Every structure is written in C-alpha cells, then in structure tokens.
1. Report the residue count in segment 46-71 for those that are surrounded by 14 or more Cβ atoms within 10 Å (Cβ to Cβ), of a type in the set (Ser, Thr, Tyr) and modelled with pLDDT of 90 or more.
2. Looking at segment 1-39, which of the residues that are open to solvent by less than 100 Å² (accessible area, probe 1.4 Å) and touching a residue at least 40 places away in the same chain (Cβ under 8 Å) is nearest to Ala74 (Cα to Cα)?
Amino acid sequence: LFRSTKLIACQGKDTSVKNAAAVYDIPKSKQLKYKSGDANYTFMNYSDIHIDQAENKYYKYSELHFEKALETAAKRKADFITTAGDNITNADGPGKEFDKYQQILADSKYTGYVYEGSGNHELRKGERKNLLSAFVSATGLDGNSSTVSKNKPYYSITEQKTGDLFIFMALEFLYSPNEGDEFTKEQLDWF
C-alpha cells in the first residue's frame, strides 16, 4: 500500500526532509487508501517553474529544481506531466527562457508527455499576441494545428486509457490577475 503522509517543501540544493523549509502532515482522513497498482495512470503536476534567463537572478534554483522534478518523474515512470503556468519568469521577454525550458526537457531522462498551462508570467513582458504565440510554439501545443492556427493557449486532452478529460484554462490578458478579467469570451464559451 502506497500512502502519502507528508507534504515537504525544500529550498535550494538540499532536498532532505531534515532540512526542509516546511513539512505538513496530511490528515489521515485526507490520505488516499489505494494500492499503487490500482492507478489507471500516473501524472505529476508542476507549478511556478520560473525558468529565468538572467542566470537565476529572480528564482535562484529554478533550473535545478526543474531538472530534479523531471528526474523524479522519470524514476517514477509518470505517464505524463502537467504544468499550472509560470513555466518561465519572462523578466525581459520569453525567448531565451523558453529555449532553456525546452533544453532542460530535452536533456532530461523523462520521455513522457508534458502538457503546459499558461500563467501570468507568460504574459508579463511584451505584446499579448506575440507572448501567446511564444507560449504556443514553445510548448507541446504546436503539435495541434487547430491550436496554432487560432493562437490559443487553452486546450483540453483526453487521457487515452480512461477517457478522463483534462482542461487547461489560460490567462490571456494582464500580468496582474487581481486587476481585471483574465479570460477572453472565446475561452469561456469554449469552456
């Protein structure tokens, strides 16, 4: 029986529980009581990866953490990975950061699918249309011609074994979500 009992947050290169930045005990009532062999598929979700072109100026260990996360996904043989946005920092434009993001993926031993979500940092610096194009072309979304032709960062996938539907909404307007609406009418209609 495989059961997660703790949530552990590490900082820097030290990933030991002993030196963790935070340790949270998952209440027994919230722990899943399934055997690991019961899973139809496995996936990992990463958020706020923040690849930073300025030699990790803003997010000091972002590249190392992403490399380690991919290493974990490979060791655990995750069927796929999802991201919840802020894959890059976008301090001075997305180009070099998406290049580095893709290079880290290419150099990793993880060979499964990666489905990226777009967050506010993907829209941080630059003109909206160009930034959305950069996100679409820098991620796996460019494999879908309807996504590319519509330049839309939101999409859905259907897991092949079970038919489970995964919906990826995407911020489309402002860097600061608390300042206004983030979704176009088209995206809300699609949803």
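1. The total comes to 1.
2. Thr15
The values are calculated or read from the model by the stated rules, or taken from the named source; none is laboratory data. The structure presented is a predicted model; accordingly, all values stated were derived computationally and were not measured. Glycine gets a Cβ as well: all are built from the backbone with ideal geometry, and neighbour counts include every protein chain shown. Accessible surface areas use protein heavy atoms only, side chains included; no ligands, DNA or RNA. Shrake-Rupley method; radii C 1.70, N 1.55, O 1.52, S 1.80 Å.
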